[in-house]
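One structure is given here, and the rest of the page talks about it.
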Amino acid sequence: MKKLLYIFILLSFACKQKVQQPAISISLTNGQKSLQVKGFDAVILGEISRDSSIEAWQSLIPVYRVPADTDLKSYQPVQPGSYQLKDSSVIFTPDTPFVKGQNYFVRSYNLSGKTLGDYVKGSTRPGQLHFTDLIFKQ
């Protein structure tokens, strides 16, 4: 009976306690030629900076061009470019300059803040990604 009580207490804490993901912010820098992204956890940036492949950075901070039909946003190719870690921010410089007047977006995946209760209630399913699109214009 005591074990059952401990399990119930642990599950109730797991269902209520959330870890908040820091707010991600973006801004144009370097004469509006590059994009600066701030707000990622230092541990995540340290781990991903060890991998020099462009795919690793694109999986963390993909940059896309907003299409004319915004229903097709999720089907756009990733904007090619280079990523550089500078202090606690990431600088993205596209291979071709951002087009003046064109909207772009950064897809920020929310990988934390989910609880066991979210899965039990069905509001979150394993493998389901939650993201926020941060839109910017050159």
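The values are calculated or read from the model by the stated rules, or taken from the named source; none is laboratory data. Keep in mind that what you see is a predicted model, and the values were worked out from it rather than measured. Cβ: placed from backbone, ideal geometry, glycine included. Neighbour counts: every protein chain shown.
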Worksheet item: Just one of the numbered conditions (1) free of Cβ contacts under 8 Å to residues at least 40 places away in the same chain; (2) touching an Asp or Glu at 6+ places or on another chain (Cβ under 8 Å) is not true of Lys73; which one?
Response: (1)
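Of the residues that make up region 41-63, is at least one in contact (Cβ under 8 Å) with a residue 60 or more places away in the chain and charged (D, E, K, R)? Full working, then the answer.
Of region 41-63, the ones in contact (Cβ under 8 Å) with a residue 60 or more places away in the chain are none.
For region 41-63, residues in contact (Cβ under 8 Å) with a residue 60 or more places away in the chain and charged (D, E, K, R): absent.
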Practice prompt. Kindly indicate whether any position in region 15-25 is among the basic types (Lys, Arg) and either over 19 Å from the mean Cα position of the chain (by Cα) or modelled with pLDDT under 90 (or both).
Written response: yes
Discussion item. For region 28-50, give me each residue that is over 15 Å from the mean Cα position of the chain (by Cα) and in a strand (DSSP E or B).
Written reply: Leu28, Thr29, Ser34
